[in-house]
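*Asks:* Mind having a look at this structure? Questions to follow.
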Amino acid sequence: MSTRKRVGGDVRNKSVTLEDGFGTGNPRVEESSDMKGDEWNIAILFFLYVLQGIPLGLSSAIPMYLQNRGVSYRQQAQFSFVHWPFSVKLLWAPIVDSLFSTRFGRRKSWLIPAQYLIGFFMIFLSGKVEDWLGSDHFNMHAPNIAILTFCFFCLNFLAATQDIAVDGWALTMLKRRNVGHASTCNSVGQTAGYFLGYVIFVGLESAEFCNAYLRRDPLPHGIVTLPGFLYFWGIVFLFSTTLVAIFKKECSSRERHIEAEPNLGVAQAYHLLWNITRLPSIRTTALILLTSKVGFSACDAVTSLKMIDAGFPKEKLALMAIPLVPLQIILPLAISKYTVGPRPMNIYISAFPYRLLFGIIAAGLVWITPFIVQNGDVPLYYYVVLILIYSLHQVTLYSMFVAVMAFFARISDPAVGGTYMTLLNTLSNLGGNWPGTLALWMVDSLTYKQCSAPELQNN
């Protein structure tokens, strides 16, 4: 049992347990999930998370272009900072929770402007990105890593702000008994958006892929270009945001029969955030989230770039995810059946050792790839092996992701949902990003290189 009282936005908890929701004030009453009446809301949440995944996918595609332009791993580490807004969004989450227009809607006050800015920013980038990548047709030059990092950092900053609003809105948009499905919308929606922004783009931009599978007569370029792709999605963001602004009403807490969200000032919101971080259970959770992904960092951050170095074509590496799309969609749905109960983290703990194992497997793949892939030709048997290994890796990854997202949704107090969800998501993201950046930064120093010229040895 837990008790709580509020004093000017202060939340004080005693004997807080995970099952009690880290201070929701009342024992958790289990209700079975019933999606009736929430179908439209789930569809909207899914669509918003899809939009959120587009900038993330594009940000993951850029390093492959940079790798083919001879940038160092330290420059790749510099560009990896574009993913950090999702890891530090806690810094401005209380502002998103505190400053809003009651008439327009607590979450829509930030969601709509953020998505409009993403749309306009994508249209702006479409006219500049080729020159910054060093791939303009008139003057080939080295990529401008600094300005690319700044621009995509800004793009992801806006996407992270949209994420704060959507995460908070999910707690009031859905009925309390259905809030566990928010993690499914998040995982499936972000996966679909990431797939569109990364896999689909890399495939359609590749002349080799388009000539082999989509054209009769070969051409020296792909079906789409990076500027054209950015411009298209910029228009999609502007159009869809207008529809949400006009037609989607933001329900009040009273209409959803949950505790009303307090109207705190910015200072009170940060004070509330500080009090939340002082909870012993939150501190323990933070320590786990910030360190649990260290063992995965090299596998997640370096493997794909090392595979490209080893001769694996970037478009084939990206397109390897296509056969896995059904699996990536089905997995969160299947796993969510086991994470809507009182102990979703059991799935997380069970998947942990198997995901660690894939770090060793990835190192082996990087080592053998140069002996198998010659002149960009990937044998069919090796492609099948890679897809099988990647499929098993996805099972462990999604088991952990869906479980931890369901756990966050379960323990978050809807009265301060945006701050609670953002705190937990920030810790989880930061726990993955700082080891990844460090791994990229250390690759050049830890890589052993030798020069070999067999044709000279034979003379």
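The values are calculated or read from the model by the stated rules, or taken from the named source; none is laboratory data. Here the structure is a predicted model, which means the values were calculated and not measured. Cβ coordinates were reconstructed from backbone atoms using ideal geometry, including for glycine residues, and neighbour counts include every protein chain displayed. Side chains are part of the model used for accessible areas, which takes the heavy atoms of the whole protein and leaves out ligands, DNA and RNA. Shrake-Rupley method; radii C 1.70, N 1.55, O 1.52, S 1.80 Å.
Each row is one residue, and each column tells you yes or no for (1) of a type in the set (Lys, Arg); (2) surrounded by 13 or more Cβ atoms within 10 Å (Cβ to Cβ); (3) over 28 Å from VAL50 (Cβ atoms).
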{"residue": "ILE308", "(1), (2), (3)": "no, yes, no"}
{"residue": "PHE312", "(1), (2), (3)": "no, yes, yes"}
{"residue": "GLU315", "(1), (2), (3)": "no, yes, no"}
{"residue": "ILE322", "(1), (2), (3)": "no, yes, no"}
{"residue": "LEU327", "(1), (2), (3)": "no, yes, no"}
{"residue": "ALA334", "(1), (2), (3)": "no, yes, no"}
{"residue": "THR339", "(1), (2), (3)": "no, yes, no"}
{"residue": "THR369", "(1), (2), (3)": "no, yes, yes"}
{"residue": "ASP377", "(1), (2), (3)": "no, no, yes"}
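*Asks:* Return the pair list, or none, for Cβ contacts closer than 7 Å from residues in segment 142-157 that are without any contact (Cβ under 8 Å) to a residue 40 or more places away in the chain to residues that are part of a helix (DSSP H, G or I) and open to solvent by less than 10 Å² (accessible area, probe 1.4 Å), at least 6 apart or on different chains.
*Replies:* Between residues of segment 142-157 that are without any contact (Cβ under 8 Å) to a residue 40 or more places away in the chain and residues that are part of a helix (DSSP H, G or I) and open to solvent by less than 10 Å² (accessible area, probe 1.4 Å), the close pairs are CYS151/LEU125.
Here is a yes/no grid of residues against (1) open to solvent by less than 10 Å² (accessible area, probe 1.4 Å); (2) under 30 Å from MET64 (Cα atoms):
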{"site": "PHE81", "(1), (2)": "no, yes"}
{"site": "PHE86", "(1), (2)": "no, yes"}
{"site": "ALA93", "(1), (2)": "yes, no"}
{"site": "SER98", "(1), (2)": "no, no"}
{"site": "SER101", "(1), (2)": "no, no"}
{"site": "TRP110", "(1), (2)": "no, no"}
{"site": "TYR116", "(1), (2)": "no, yes"}
{"site": "PHE120", "(1), (2)": "no, yes"}
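*Asks:* Which numbered condition in (1) open to solvent by 90 Å² or more (accessible area, probe 1.4 Å); (2) free of Cβ contacts under 8 Å to residues at least 40 places away in the same chain is the only one that VAL384 fails?
*Replies:* For VAL384, the failing item is (1).
*Asks:* Residue check, THR225 against (1) farther than 18 Å from LEU133 by Cβ; (2) open to solvent by 40 Å² or more (accessible area, probe 1.4 Å), all met but one. Which one?
*Replies:* With (1) farther than 18 Å from LEU133 by Cβ; (2) open to solvent by 40 Å² or more (accessible area, probe 1.4 Å) applied to THR225, the lone miss is (1).
*Asks:* Ok, one more. Here is a list of conditions, (1) farther than 22 Å from GLY295 by Cα; (2) modelled with pLDDT of 90 or more; (3) among the aliphatic types (A, V, I, L, M), and MET421 meets all of them except one; can you say which number that is?
*Replies:* In the conditions (1) farther than 22 Å from GLY295 by Cα; (2) modelled with pLDDT of 90 or more; (3) among the aliphatic types (A, V, I, L, M), MET421 misses (2) alone.
*Asks:* Answer yes if at least one residue in segment 156-170 is of a type in the set (Ser, Thr, Tyr) and open to solvent by 40 Å² or more (accessible area, probe 1.4 Å), and no otherwise.
*Replies:* Within segment 156-170, none of the residues are of a type in the set (Ser, Thr, Tyr) and open to solvent by 40 Å² or more (accessible area, probe 1.4 Å).
*Asks:* Turning to a different aspect of this structure: Condition first: assigned to a loop (DSSP other than H, G, I, E, B) and either touching a residue at least 12 places away in the same chain (Cβ under 8 Å) or among the acidic types (Asp, Glu) (or both). Now tell me which residues in segment 210-230 satisfy that.
*Replies:* ASP217, LEU219, PRO220, HIS221, GLY222, ILE223, VAL224, THR225 - these are the residues of segment 210-230 that are assigned to a loop (DSSP other than H, G, I, E, B) and either touching a residue at least 12 places away in the same chain (Cβ under 8 Å) or among the acidic types (Asp, Glu) (or both).
*Asks:* One residue is enough: does segment 390-400 have a residue meeting the conditions modelled with pLDDT under 85, over 30 Å from PHE209 (Cβ atoms) and not small (Gly, Ala, Ser)? Before you say what the answer is, go through the steps one by one.
*Replies:* Within segment 390-400, the first condition is being modelled with pLDDT under 85, and the residues that meet it are none.
Within segment 390-400 (the criterion being modelled with pLDDT under 85, over 30 Å from PHE209 (Cβ atoms) and not small (Gly, Ala, Ser)), the answer is no, since none of the residues qualifies.
*Asks:* I've got another one for you. Suppose we keep only residues that are over 19 Å from TYR49 (Cα atoms) and of a type in the set (S, T, N, Q) within segment 184-222. Which one would you say is least open to solvent (accessible area, probe 1.4 Å)?
*Replies:* Among them, the one singled out is SER206.
*Asks:* Okay, moving on. When you look at HIS181, is it open to solvent by 30 Å² or more (accessible area, probe 1.4 Å), farther than 30 Å from VAL340 by Cβ and not basic (Lys, Arg), yes or no?
*Replies:* Against the criterion (open to solvent by 30 Å² or more (accessible area, probe 1.4 Å), farther than 30 Å from VAL340 by Cβ and not basic (Lys, Arg)), HIS181 does not qualify.
*Asks:* A further question follows. Mind counting the residues in segment 331-389 that are part of a loop (DSSP other than H, G, I, E, B), of a type in the set (Val, Ile, Thr) and either closer than 30 Å to PHE408 by Cα or modelled with pLDDT of 90 or more (or both)?
*Replies:* Of the residues in that region, 1 qualify.
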